[in-house]
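Chemist: Just dropping this structure here.
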2 protein chains.
Amino acid sequence: MPTLSGDRIRHSVVFTLAHEAGSEREADFLRAIADLASIPGVEAFELMREVSPKNAFDHALTMEFADRGAYEAYNVHPNHTRFVESRWDAEVKDFLEVDTAAR
Amino acid sequence: MPTLSGDRIRHSVVFTLAHEAGSEREADFLRAIADLASIPGVEAFELMREVSPKNAFDHALTMEFADRGAYEAYNVHPNHTRFVESRWDAEVKDFLEVDTAAR
């Protein structure tokens with residue numbers, strides 16, 4: 001994995017859904033999340049299973065932005081805000097956001 | 001960042017230190033953490049700043065393993081266990097471990 005450098009930001013989220021594991025509703029939500037990858041500025045998008053027994057999260061996503069401007073453009077992009085308002089808030093039971101940058 | 005596939009596991013930890021930000025003790029701890037990268041099986045090691053205002057963590061590290069066997073070998077490696085016992089437990093105020101794998 002190329003290491004972060006300069007102004008690059010890696011945005012990661014771990015989360016647990018209100019939907020039963022393996023359900024169609026879960027699959028549908030994960031398909032909708034994968035669509036966020038097409039928002040301008042989003043790089044290195046990855047949707048994964050969270051497998052550590054040391055936390056209760058089930059899913060994880062990560063993406064990178066060239067700089068904070070690209071990250072903020074993503075945050076306010078209608079596809080992102082619409083997804084948060086219409087799906088994330090209702091279907092995610094718990095989550096944690098982590099943003100990392102080069103030292 | 002190459003996406004995870006097959007049996008690969010990405011091991012990530014976010015943490016906050018007992019040491020003051022910018023102090024020599026903080027720098028010394030971070031140098032010691034960077035040494036973990038030389039443990040056999042550790043790939044794609046990265047030590048970063050955690051910059052999200054949505055959590056209280058200050059630092060993040062990530063590494064990858066080819067499979068769970070490599071990860072477990074790392075966990076029991078004397079350099080790792082010694083680091084955890086002699087430094088991590090005493091100098092880390094709070095932390096969260098996240099392990100991710102391909103869906």
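All of the numbers you see were taken from the coordinates with simple rules; none came from a lab. Owing to the predicted nature of the structure, the values given are computational and were not obtained by experimental measurement. FYI the Cβ positions are ideal-geometry reconstructions off the backbone, even for glycines, and counts take in every protein chain you see.
Chemist: For every other residue with a beta carbon closer than 13 angstrom to the beta carbon of A:Glu43, add +1 if it is Lys or Arg and -1 if Asp or Glu, then tell me the sum.
Modeler: -2
Chemist: Once the Cβ-Cβ distance between B:Lys93 and A:Asp89 is put in as r, and R0 is 25 Å, what FRET efficiency do you end up with, to the nearest 0.05?
Modeler: After rounding to 0.05, the efficiency reads 0.20.
Chemist: Based on other C-beta atoms within 10 Å, arrange B:Asp67, A:Asp58, B:Asp89 from fewest to most.
Modeler: The most exposed by this proxy come first: B:Asp89, B:Asp67, A:Asp58.
Chemist: Report, as an integer, the average count of C-beta atoms from other chains found within 10 Å of each Cβ along B:92-102.
Modeler: Per residue, the number of nearby Cβ atoms from other chains is 5 on average.
Chemist: Same structure, new question: What does the average come to when, for each residue of peptide B:33-46, you count the partner chain Cβ atoms lying within 10 Å of its Cβ?
Modeler: Counting other chains' Cβ atoms within 10 Å and averaging over B:33-46 gives 1.
Chemist: Return the equivalent ellipsoid semi-axes of chain B as a descending list in whole Å, where each equals the square root of 5 times an eigenvalue of the C-alpha gyration tensor. Provide the component values of the computation, followed by the final result.
Modeler: Details: eigenvalues 111, 58, 24 Å².
Semi-axis lengths for chain B are 24, 17, 11 Å.
Chemist: Another question, if that's okay. Estimate the FRET efficiency between B:Arg31 and B:Glu72 by the formula 1/(1 + (r/R0)^6), using the beta-carbon distance for r and 30 Å for R0, to the nearest 0.05.
Modeler: Values: r = 26 Å, r/R0 = 0.86.
The calculated FRET efficiency here is 0.70.
Chemist: Order of A:6-12, B:47-53, A:60-66 by packing, highest average Cβ count within 10 Å first?
Modeler: Listed from highest to lowest mean packing, they are A:60-66, A:6-12, B:47-53.
Chemist: Compare the Cα positions of B:Met63, B:Val92, B:Val42 along the charge dipole of segment B:36-99 (+1 at Cβ of Lys, Arg; -1 at Cβ of Asp, Glu; about the Cα centre) and return the one farthest towards the positive end.
Modeler: B:Val92
Chemist: May I ask you to report, in nm to one decimal and beginning with the shortest, the distances from B:Asp67 to the same position in the other copies, taking label points 7 Å along Cα-to-Cβ?
Modeler: Nearest first, the other copies' label points are 4.4 nm away.
Chemist: For helix B:24-34, report the angle its Cα long axis makes with the longest principal axis of the Cα atoms of chain B; keep it between 0 and 90° and round to the nearest 10°.
Modeler: For helix B:24-34, the angle is close to 10 degrees.
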